[in-house]
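Structure below; questions to follow.
The values are calculated or read from the model by the stated rules, or taken from the named source; none is laboratory data. Given the structure is predicted, the values throughout are model-derived calculations rather than measurements. All Cβ positions, even for glycine, are placed from backbone atoms using ideal geometry, and neighbour counts span all protein chains on display.
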Amino acid sequence: MRVNDLILAIMVIVGGVALAAAASRLPPIPGQAYGAEVFPLLTAVGLILCGFALGAQALRSGAGPAIALGWARERAALMRAAAPVAAVIAYMLLAPRLGFVLATALMTGGLFVLLRVRVVVAIPLAIVVAVITYYSFAYGLRVPLPRGLVEGWL
Amino acid sequence: MGAIENGIALVLHWDVLLTIFLAAAFGLVVGAIPGLTATMAIALLVPVTFFMDPIPAVGAMISCSAMAIFAGDIPSTLMRMPGTPASAAYTDECYAMTRKGQAQLALGANVLFSALGGLFGTFVLIISAPLLAEVALQFSSFEYFWLALLGLACAIFIGTGSPLKGMISLFIGLFVASIGLENPAGIPRFTMGNTDLMSGVDFIPAMIGLFAMSEVIRSMVSGAQDWDVKQVALGNPLKGWGHLFVKYWPQQLRGNITGTAIGILPGAGADIAAWVSFAMSRKFSKTPEKFGTGHLEGIVESTSSNNAALGGAWVPALVFGIPGDSITAIVIGVLYLKGLNPGPTLFLNNPESIYAIFFIFILANVAMVPLGLAAARAGTALLNIPRRILMPIILAFCVVGAFAVNNAVYGVIIMLVFGVLGFLMEEHEVPVAPCVLGIVLGKMLEESFVTSMIKSDGSFLGFFERPIAGGLGVVTLLVLLIPVWGWLRGRMRRTQPA
C-alpha cells in the first residue's frame, strides 16, 4: 500500500511548513541571535526543498496512480499488518494489570494463532517464551518488568 | 622492560583470566540482545567491579565491550535487529546476505574482521596514545560541526535508493532529534506539554522500532512465510578466512584506520565509525551496484571499523581522562574509583597497569574468535525456526528491549510509533537508516552549529578559519557536491547530444 511520489512530496512540504510554523513560535534567547528556533527552521527548509525536488521529479517522470493498494486489497493481510501494532498496544494496557508474563503470553500467543500456528503448540510456546524472557530480563538484567499474579510465583 | 613484564604478570592470574572470560560471555549475551547496547553492558558491570581489584575490573570492561560490539552483529544479521547501534550501519547488508542463505559467511566475516579491527585499534593505542590525543584535544565546536555534517552526508549516500528520499529520511531524523529540552536555549521544543517528551526521543527504542518492529509488520503482511533458501554452512571457518583476508585487505585496512581515527575523537565512537566506513566502502568500491544486495565488501570495512574505534576511544580516555565514547565515559569513572586516575601521570606512576590494560586488549580480541564463532553458530540455529513462530517472539523482544532502556513504558510507545513510521517509510522506498543517524547526530550537529555561530558572530567564515575545521569543511563539501556535479554533467550531456 503506497501513495505516489507526488502525494508523498506534498505531505513532506506540508510537514516542513508545519515544522517551520511551530519553530518560529519558539521564544528567542534574549540578546542572542541564534536560539532554539534555528535548527528546526533549517530542518524545515530542508524538508520543503526535498519535497519540491521530489514533486518535480514525480511530475517529470509521471507519478502513476495516486494510491497503489497492493497487498492492502486483501482484508486478511490488512488485519495481519494491524496485528503487531494492536498487540503492542494491548500489552501496554494489560501489563500493569496482569503482569509481564500473562500480558506477553497473550500478545505472542495471539499472534501465533493469527499466523496459523496450531493452538496446541501456540499456547505452551507463548507461555515458555514469556517465562524465559521474564527470567532473563527481570533476574539476569534486573529490569523491573511489571509484576502481576504469576510473577509472584516465579 | 620491567614494566611490561610486570604488567603481563598482573593479568596472568587465573582469577583475572576467569573474570575477563565471564565478562566476555556477558558482553556477548547483552550485545546480542537487541535494544541492549555495549554501553549498557558496561553500565551493568559497574556495580560488579566494586568488588574487584583494579586490573580485573578494567579487564572485565575491556573484554565485555569488545564482545558486545561484535555480538551486535549477530541479531543484526539474523533478524535485522541491530544488537547495538554500532551495527546499524550495515544491518541491511548483513540481512540481505542472510536472505541469500549466507548468514554463516556474513557472521564469520564479522568475527574475523571485528577481532582484527580490535587488534589494530589496540596497536594504535599502544604506540601513539599520547601523541594522537593531543590532536583530538584541539577540536572545537567548528570541527565537531563538520564532523557531524560529514557523518550525515555519508548517511545519504549509504542507501541504494534515491538520495532524495534518503535526505527526507535524514531530515525526519533531525526533526526527531530536536524534540525535547536538550537544546542550546533549554526550551521545551515540540513536546506538546508531555513530560516524557521533554527528555527527547531516545534513539534506542526508535531504532528498535524502525528496524525490527517494521520488519515484523512487513513479514506479518505476507503471512510470515519462510524463506525458501537454505543457509549455507561455512564449513571450516579458518579455510574461508584466508580467502576473505586476501580479497578484502584494502577494505579492512581502510576500515581499521578510519575507525581508530574516529574512535580517538572525543564524543564520536564505534557507531559513527561504522557509518562513515560503510559509506566510504561504497564510494571507493569497484562494484558499488552490488551494495544492498548482500555484498561482503561494505560489511568487512565497517565491522573492521567499529571494533577499531573501541581501541581508539581509549586513547583520550587514558591520556587525558576525556571519554572517546559513552563506553569509555563509564570506564573513566571506574578508573578513578580504582585509584587509576587517568592522565599523563598514570603513565609515569603506574606503567605496569597501562601495560596490563594493553595486554588485556590483545587477549580480549584474540578470545573473540572462538567465543564469537560459537555464538554465531548458536545464533544461526535461530534461522531454522519457522518465521511464523520467530516473528511474534521478536516482537516480544522489541517490547522488552524498548522498555529496558529507561525501564519505562515510554520507550515502548516510542518503539511502536517508529515501528509504524519505519514500515510506512519502507513501503514508499524511503530508507530508514539515514533517519536513525539523524536522530543520533542531530544534537551534536545543532549544539556545535549554534555554539559556532555565536562564537563567530554569525559569520560562516568562522567554520573555515581553523586549519582542521577548514580541512574537514572542504572534505564535507566535496562529499556533498560531487554527486550534484555528476548530476549536472549528466544533464548537460543529455541536452547536448554529441
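Condition (residue is more than 9 Å from every other protein chain (Cβ to nearest Cβ), crowded, with 24+ Cβ neighbours inside 10 Å, in contact with a helix residue (DSSP H, G or I) (Cβ under 9 Å, 6 or more places away or on another chain) and within 18 Å of B:Pro85 (Cβ to Cβ)) applied to the range B:423-431: is it met by at least one residue?
Yes - at least one qualifying residue is present in the range B:423-431.
Select from the range B:13-36 the residues that are more than 19 Å from B:Ala66 (Cβ to Cβ) and at pLDDT 80 or above and list them in ascending order.
The answer is B:His13, B:Trp14, B:Asp15.
Okay, moving on. Exactly one condition in (1) within 28 Å of the chain's Cα centre (by Cα); (2) within 12 Å of chain A (Cβ to nearest Cβ) is false for B:Lys455; which is it?
It fails just one condition, (1).
Moving to a separate point now. Is it true that some residue in the range A:137-144 is closer than 14 Å to B:Val399 by Cβ and of a type in the set (Ser, Thr, Tyr)?
no
Could you check the range B:163-181 and list, in sequence order, the residues that are closer than 19 Å to B:Phe211 by Cβ, more than 7 Å from chain A (Cβ to nearest Cβ) and not basic (Lys, Arg)?
Matches in the range B:163-181: B:Gly166, B:Ser169, B:Leu170, B:Ile172, B:Gly173, B:Val176, B:Ala177.
Go through (1) of a type in the set (A, V, I, L, M); (2) within 18 Å of B:Val430 (Cβ to Cβ); (3) surrounded by fewer than 16 Cβ atoms within 10 Å (Cβ to Cβ) one by one and return the number of the condition A:Ile89 breaks.
A:Ile89 satisfies every listed condition except (2).
Would you confirm, using the coordinates I've provided, whether A:Ala58 is more than 7 Å from every other protein chain (Cβ to nearest Cβ) and in contact with an Asp or Glu (Cβ under 9 Å, 6 or more places away or on another chain)? Can you show your working first?
Working: more than 7 Å from every other protein chain (Cβ to nearest Cβ): yes; in contact with an Asp or Glu (Cβ under 9 Å, 6 or more places away or on another chain): yes.
Judged against the criteria, A:Ala58 is a match.
Now for a different question. Go through the range B:259-340 and tell me which helices (runs of 4 or more DSSP H), entirely inside it, have 2 or more residues that are surrounded by 23 or more Cβ atoms within 10 Å (Cβ to Cβ) and at pLDDT 85 or above.
Qualifying helices (runs of 4 or more DSSP H): B:270-284, B:296-320.
Which one of these is among the basic types (Lys, Arg) and crowded, with 22+ Cβ neighbours inside 10 Å: B:Arg99, B:Arg80?
B:Arg80
Still on this structure: Select from the range B:406-422 the residues that are closer than 14 Å to B:Gly209 by Cα, surrounded by fewer than 24 Cβ atoms within 10 Å (Cβ to Cβ) and more than 8 Å from chain A (Cβ to nearest Cβ) and list them in ascending order.
Answer for the range B:406-422, where residues must be closer than 14 Å to B:Gly209 by Cα, surrounded by fewer than 24 Cβ atoms within 10 Å (Cβ to Cβ) and more than 8 Å from chain A (Cβ to nearest Cβ): B:Tyr410, B:Val417, B:Leu421.
Which residues, taken from the range B:40-75, are at pLDDT below 75 and within 20 Å of B:Gly118 (Cβ to Cβ)?
Passing the criteria: only B:Met40.
Would you check if there is a residue in the range A:27-38 being aromatic (Phe, Trp, Tyr) and either touching a His at 6+ places or on another chain (Cβ under 9 Å) or assigned to a loop (DSSP other than H, G, I, E, B) (or both)?
Yes - at least one qualifying residue is present in the range A:27-38.
Residues of the range B:426-444 being outside any loop (DSSP other than H, G, I, E, B) and either more than 23 Å from the chain's Cα centre (by Cα) or among the aromatic types (Phe, Trp, Tyr) (or both), which ones?
Scanning the range B:426-444 gives a single hit, B:Glu427.
Let me ask something else. For the range A:2-23, does any single residue satisfy the condition of being of a type in the set (Lys, Arg) and more than 7 Å from chain B (Cβ to nearest Cβ)? So that I can check it myself, show each step before the final result.
As a first pass, look at the range A:2-23 and keep what is of a type in the set (Lys, Arg): A:2.
In the following step, the residues that additionally are more than 7 Å from chain B (Cβ to nearest Cβ) were identified as none.
The answer is no; no qualifying residue exists.
Moving on. Given the conditions (1) under 26 Å from B:Phe278 (Cα atoms); (2) more than 8 Å from chain A (Cβ to nearest Cβ), and given that B:Ile385 satisfies all but one, which numbered condition is not satisfied?
Condition not satisfied by B:Ile385: (1).
In addition: Of B:Ile156, B:Ile168, B:Ile127, which residue is at pLDDT 85 or above and part of a helix (DSSP H, G or I)?
On the way: B:Ile156 fails: at pLDDT 85 or above; B:Ile127 fails: at pLDDT 85 or above.
So the residue among B:Ile156, B:Ile168, B:Ile127 that is at pLDDT 85 or above and part of a helix (DSSP H, G or I) is B:Ile168.
Still on this structure: With respect to A:Ala53, is the statement that it is surrounded by 14 or more Cβ atoms within 10 Å (Cβ to Cβ), over 29 Å from B:Val412 (Cα atoms) and at the interface with another protein chain (Cβ under 9 Å from one of its Cβ atoms) true?
Details: surrounded by 14 or more Cβ atoms within 10 Å (Cβ to Cβ): yes; over 29 Å from B:Val412 (Cα atoms): yes; at the interface with another protein chain (Cβ under 9 Å from one of its Cβ atoms): yes.
Spelling it out, A:Ala53 is indeed surrounded by 14 or more Cβ atoms within 10 Å (Cβ to Cβ), over 29 Å from B:Val412 (Cα atoms) and at the interface with another protein chain (Cβ under 9 Å from one of its Cβ atoms).
When you check B:Ile362 against the structure, is it modelled with pLDDT of 80 or more, under 19 Å from B:Met67 (Cα atoms) and surrounded by fewer than 21 Cβ atoms within 10 Å (Cβ to Cβ), yes or no?
It is true that B:Ile362 is modelled with pLDDT of 80 or more, under 19 Å from B:Met67 (Cα atoms) and surrounded by fewer than 21 Cβ atoms within 10 Å (Cβ to Cβ).
Does the range A:110-126 include one or more residues that are among the β-branched types (Val, Ile, Thr) and either under 17 Å from A:Leu149 (Cβ atoms) or under 21 Å from the mean Cα position of the chain (by Cα) (or both)?
No, the range A:110-126 has no match at all.
Let me ask something else. Determine whether B:Gly401 is within 11 Å of another protein chain (Cβ to nearest Cβ), modelled with pLDDT under 85 and outside any helix (DSSP H, G or I).
For B:Gly401, the condition - within 11 Å of another protein chain (Cβ to nearest Cβ), modelled with pLDDT under 85 and outside any helix (DSSP H, G or I) - is not met.
Now for a different question. On the basis of being touching a Gly at 6+ places or on another chain (Cβ under 7 Å) and not assigned by TED's automatic domain parsing to the domain that holds A:Tyr135, does A:Gly16 make the cut?
When the stated conditions are applied, A:Gly16 passes them.
Could you say which residue among B:Ala66, B:Ala25 is touching a residue at least 60 places away in the same chain (Cβ under 8 Å), closer than 18 Å to B:Ile360 by Cβ and surrounded by fewer than 24 Cβ atoms within 10 Å (Cβ to Cβ)?
B:Ala25
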